[in-house]
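Q: Dropping the structure in here first, questions after.
The values are calculated or read from the model by the stated rules, or taken from the named source; none is laboratory data. Owing to the predicted nature of the structure, the values given are computational and were not obtained by experimental measurement. When we count neighbours, we look across all protein chains shown, and the Cβ atoms used for this are built from the backbone with ideal geometry, even at glycine. Areas reflect the complete protein model, heavy atoms only, side chains present, ligands, DNA and RNA absent. Shrake-Rupley method; radii C 1.70, N 1.55, O 1.52, S 1.80 Å.
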Amino acid sequence: MSLDEAMANVLARAVPLQAIETVATFDADGRVLAQDLVSALQVPPNDNSSMDGYALRAADVTEPGKVLPVTQRIAAGHAGEPLEPGTCARIFTGAPMPAGADAVVMQEDTADVGGNIHGVHIQVMPQPGQWVRRAGEDVTRGAVVLARGERLSPASLGLAASLGLAHLNVVARPRVALFSTGDELVMPGEVPPEAMKPGAIYNSNRFFLRALLRRLGCEVSDLGIVPDRREATLAALKTAADHHDLILTSGGVSVGEEDHIKPAVQQLGSLDLWQIAMKPGKPFACGTVKRDAGAGPAAGQVCHFIGLPGNPVSSFVTFLLLVRPFLLRLQGVEPAALKTTTLPAHFTLNKADKRREFLRVRRNAAGGLDLFPNQSSGVLTSAVWGDGLVDNPAGSTIQRGDLVSFISFADLLA
Ligand code: AMP
Ligand code: MG
């Protein structure tokens, strides 16, 4: 199966979650808006000064150096009186413009008159509107400021707050049950490196998968390591299905006899096992697990299942390319097409692969891409060293200087 087919197929299975919850705006970073935010007011609420200086009528300054009496003082948070013609008001940044004034002259463009006279020399010819922030120039009343399906960023939280919103309705977090399979896996902290048995390795997938899920706004139930036995796999799947939207596993989806995921998911639901024509990441499983009576109102419905390959880089890359868009759509976000940049390769790749390859590369100071020397799907160092992937079409070699298609991890992790 081609990666494009696999992507379309996985995405088509994701039906946006209906559950909505109300969270404090303070806690809504990364969450997805469940409804349009319509402004009930204009921002800023009044015309106000964008400078410390003097508010006046521009037409009153008939020549540079004109003296105007200062009749009031308006600080931010305080309203002034209507401005008499031929006078000016001392004003500070953010303070509302007094009625009648149409411009601000910044204090650097004025000079004290001196003596006991409370007036200033206006040393420039002001233009109407200068240094005035117009009411509603940021947001007009009734405007859709943020649309349903948008993921909230720190800036959008500020914008929502500027509309007076202390709470926001957001899409419920997808509930994801995560487990790793493999009898060789040991949790860091449980056995020190010098005491590891032959053949044992630390469970690394669990750490980046949990972190990736969290970044995508999921609520993660980490079920730990499930041994390579049919009964244990069945039990883990059954427990997880009732109260989760997705069960995500790593390992055990090849077709070796120690790979128990396939028969177990088939027994409890349905499973498609694909050989995706991509490197790293060939084996990939996608299906459903039925919920049983224990699921309460959700009994009889299904929980999604995705099985990632065990090799760490395969797991990482297939998560980014296939699981991430799935999880975005579950939350009602339409995932954008992969963002690619064309950059020159500062390396050669002499051996073409039959499969579409995602090479771990790094941008260099000369504006080109360097290749991590070991592209094995088990070498997680490549994913840390690299800042992105080259999407290399099947059967293609790369010569130094060739333009290649680069996908940055920053975009894939955003
Ligand atoms: P599998 O897909 O189960 O055949 O595993 C493929 C390779 O990935 C094997 O070398 C496993 O030891 C390794 N692997 C599987 N799961 C993990 C994990 N959670 N952390 C690190 N390596 C893993
Ligand atoms: Mg295994």
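Q: Leaving out same-chain residues fewer than 8 places away, which lysines sit with a Cα under 21 Å from that of Lys238?
A: Of all the lysines, those that pass the test against Lys238 - Cα under 21 Å, at least 8 places apart if same chain - are Lys262, Lys290.
Q: Working out 0.36 nm times the residue gap between Asp112 and Val191, then minus their Cα-Cα distance, what length gain in nm do you get to one decimal?
A: Extra length from Asp112 to Val191 when fully extended: 20.8 nm.
Q: Could you give me the ³J(HN,Hα) list for the range 340-345, computed from phi with Karplus coefficients 6.51, -1.76, 1.60 and θ = phi - 60°, whole Hz, x at Gly and Pro?
A: Couplings: 10, 10, 8, 9, x, 6 Hz.
Q: Report ³J(HN,Hα) in whole Hz for each residue of the range 316-323, in order, from the Karplus equation J = 6.51 cos²θ - 1.76 cosθ + 1.60 where θ = phi - 60°; Gly and Pro get x.
A: The phi angles translate into 4, 5, 5, 4, 5, 7, 10, 7 Hz.
Q: Same structure, new question: Looking only at the range 82-104, which residues have a backbone nitrogen under 16 Å from a spot 7 Å from the Cα of Ala155 in the C-beta direction?
A: Correct set: none at all.
Q: Moving on to the next point. I'd like the carbon and sulfur percentage of the solvent accessible area for the chain, probe radius 1.4 Å, heavy atoms only, ligands and nucleic acids excluded.
A: 53 percent
Q: Rounded to the nearest 500 deg cm²/dmol, what is the calculated helix-only ellipticity per residue at 222 nm for the chain, with -39500 (n - 2.57) per DSSP H run of length n ≥ 4?
A: -5000 deg cm²/dmol
Q: For Val139, which sequence-distant residues (separation of 5 or more, or a different chain) have an amide H within less than 5 Å of its own amide H, given hydrogens modelled in the peptide plane?
A: Here the answer is Val43, since their amide H atoms fall under 5 Å of that of Val139.
Q: Can you order the peptides 96-104, 160-168, 220-228, 295-303 by their average number of other Cβ atoms within 10 Å per residue, highest first?
A: With the highest mean Cβ count within 10 Å placed first, the list reads 96-104, 220-228, 160-168, 295-303.
Q: Ignoring ligands, DNA and RNA, what accessible area per residue does the chain give at 1.4 Å, in Å²?
A: The answer is 47 Å² per residue.
Q: Let me ask another. Would you please put 30-43, 391-404 in order of how densely packed they are, using the mean number of other Cβ atoms within 10 angstrom per residue and starting with the highest?
A: Highest mean packing first, the order is 30-43, 391-404.
Q: How high is the FRET efficiency between Thr381 and Ala76 when r is their beta carbon distance and R₀ equals 56 Å, given to the nearest 0.05?
A: In this case the efficiency is close to 0.55.
Q: Using a 1.4 angstrom probe on the protein heavy atoms only, could you order Met125, Met1, Met7 from most to least accessible area?
A: Met125, Met1, Met7
Q: Here is a further query. Could you pull out which residues in the range 182-208 have an amide N less than 19 Å from a spot 7 Å beyond the Cα of Ala232, following the Cα-Cβ vector?
A: 182-192, 196-207, by backbone N distance to the label point.
Q: Could I ask something else about it? With r defined as the distance between the Cβ atoms of Ala200 and Ser50 and R0 fixed at 51 Å, what FRET efficiency is calculated, to the nearest 0.05?
A: So the FRET efficiency works out to roughly 0.20.
Q: About the Cα centre, and with charges only on the beta carbon of Lys, Arg (+1) and Asp, Glu (-1), how big is the dipole of the chain? Nearest 20 debye, please.
A: Approximately 1040 debye in magnitude.
Q: Give the percent of DSSP beta bridges with both residues in the chain that are antiparallel, rounded to the nearest 5.
A: 70 percent
Q: When only DSSP loop residues count, what GluC sites (Glu not before Pro) in the range 219-325 have their Cβ near at most 13 other Cβ atoms within 10 Å?
A: Sites meeting the loop and neighbour criteria: Glu257, Glu258.
Q: Can you figure out the FRET efficiency of Leu413 with Gln301, using R₀ = 25 Å and their beta-carbon distance, to the nearest 0.05?
A: The pair Leu413/Gln301 has a calculated efficiency of 0.20.
Q: Moving on to the next point. Using the Karplus curve 6.51 cos²θ - 1.76 cosθ + 1.60 with θ = phi - 60°, work out ³J(HN,Hα) for each residue of the range 97-111 in order, rounded to whole Hz, and write x for Gly and Pro.
A: In residue order, the calculated couplings are 5, x, 4, x, 7, 10, 7, 10, 10, 5, 4, 5, 9, 10, 9 Hz.
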